[in-house]
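Undergrad: Dropping the structure in here first, questions after.
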Amino acid sequence: MDFFLQIIANSLVLGTQVFFLALALYLIKAVSKIEHVALGAIATACGYGFYQGLQMGSNIMAIIISGLVAITLGYISFLILEKFYKNKEPLLGLIVSLSMGLLIEAMIAIIFKSSSKSLIEGILPIVDFMGVKFTLPGVYTLLIGLVLALTAFLLVNKTPIGRTLRSVSENSSLVSSLGINQLKIRKSVYIISSIIAGIVGVLAAMNTSLTPNMGFNLTITAFIALFVGGSSDIKGTIMASFLLTLIPEFLINYAPSSFEFTNSYRMFFVFGLALIILSFKPRGIFSKNIRQS
């Protein structure tokens, strides 16, 4: 039973990290229809920015540097991808975003080398909750993730801000007629999404270690979660983020030993789940089937 609960605990932490990136992807797609997959590399860059601040001997400096990295890369992302929104070329925007992410990872590898780096030296602090162990960064991840999930759900579904975000890409002429500055909204969303990615980058690095391609698997899983949950459904995105981490974890740990499943099978299961779910629910797990007359 303790092992079962520990698997759930580990999956919740990983699922929350995926949700951070999926939310950032969701926000940018909501205003620009572009999947900004470079957010994983931006998360990694913020983690290295935090590391650099720690090397300077200051936690405050670490926060400032990682924050500046997030804001700068968010603004650069807006400058690069905005024209693809205006030209209605989301697929080309996705390709350019992927190229941007690979470039950021390559630059990180050149500057910091490929060896892993730790933000927390020594053994990670452990919190024991009724026999289930969480690392302290894992606890921070869950708490921040809970607040972020509730805030995002309420903001997107229950406030005029959420309706405005969706309208920016769906009906830009109507938004313009209401005197809303669409350019400012998109710029702000890119920066906010990069900050969200930066937070998960720092938390993930605290929980494991920093490597130049640390954000790649998280980004792929978050990208899949966005579509499995429904690219316009924040509730579905939240649910998919956890399903795509929890189910592979159980398959790896509870499958018969003859299968010899290891962590290297994780992405195989993620893609398999996506294939199954999207085959039956192509518009997302909470979508309703509409009869075609």
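The numbers here are math on the coordinates, done by the rules we state, and not lab data. Predicted model, so just to flag it, every value in this text is computed and none were measured. Cβ: placed from backbone, ideal geometry, glycine included. Neighbour counts: every protein chain shown.
Undergrad: How would ILE108, ILE28 line up from fewest to most surrounding beta-carbon atoms within 10 angstrom? Don't jump to the answer; show the numbers that get you there.
TA: Values: ILE108 21, ILE28 28.
Lowest count first: ILE108, ILE28.
Undergrad: Using Stokes-Einstein with the Kirkwood hydrodynamic radius over Cα pairs, what translational diffusion coefficient do you get for the stretch 2-280 at 25 °C and a viscosity of 0.890 mPa s, in µm²/s rounded to a whole number? Show your work: numbers first, answer last.
TA: Numbers: Rh = 19.3 Å.
Rounded to a whole number, D works out at 127 µm²/s.
Undergrad: Using the Kyte-Doolittle scale, which helices in the chain average at least -1.0 and also have C-alpha atoms spread 18 Å or more along the helix axis, with helices defined as whole DSSP H runs? Write down the numbers at each step before the final one.
TA: Working: long enough: 2-32 (44 Å, 1.59); 39-55 (24 Å, 0.64); 59-86 (40 Å, 1.48); 90-112 (32 Å, 2.27); 136-158 (32 Å, 1.80); 182-207 (38 Å, 1.18); 215-229 (20 Å, 1.81); 234-254 (30 Å, 1.24); 266-280 (22 Å, 2.25).
Counting only whole DSSP H runs, the qualifying helices are 2-32, 39-55, 59-86, 90-112, 136-158, 182-207, 215-229, 234-254, 266-280.
Undergrad: Hey, another quick one. Just from its helices, what would the mean residue ellipticity at 222 nm be for the chain, if runs of 4 or more DSSP H residues each count -39500 (n - 2.57) and the sum is divided by every residue, rounded to the nearest 500 deg cm²/dmol?
TA: -25500 deg cm²/dmol
Undergrad: Also: For the residues VAL228, VAL96, what sequence is obtained by ranking on other C-beta atoms within 10 Å, fewest first? Present the calculation step by step, with values, prior to reporting the outcome.
TA: Numbers: VAL228 27, VAL96 19.
Placing the least packed residue first, the sequence is VAL96, VAL228.
Undergrad: Just rank ARG266, ARG283, fewest to most, by other beta-carbon atoms within 10 angstrom.
TA: Numbers: ARG266 19, ARG283 16.
By the 10 Å Cβ count, ascending: ARG283, ARG266.
Undergrad: Report the equivalent ellipsoid semi-axes for the stretch 99-141 in whole Å, largest first, defined as the square roots of five times the eigenvalues of the gyration tensor built from alpha carbon atoms. Spell out each step's value before the answer.
TA: Working: eigenvalues 213, 36, 8 Å².
Ellipsoid half-lengths, sorted descending, are 33, 13, 6 Å.
Undergrad: So, R0 is 25 Å and r is the distance between the beta-carbons of GLU260 and VAL127; what FRET efficiency does that work out to, to 0.05? Numbers along the way, then the final one.
TA: Values: r = 32 Å, r/R0 = 1.29.
Once rounded, the FRET efficiency stands at 0.20.
Undergrad: Now a separate question. Strictly over 23 Å apart at the Cα level, which of LYS33/LYS281; LYS29/LYS281; LYS88/LYS288; LYS117/LYS235; LYS187/LYS288 would you flag in this model? Write out the running numbers ahead of the final one.
TA: Details: LYS33/LYS281 20 Å; LYS29/LYS281 20 Å; LYS88/LYS288 28 Å; LYS117/LYS235 35 Å; LYS187/LYS288 33 Å.
Correct reply: LYS88/LYS288; LYS117/LYS235; LYS187/LYS288.
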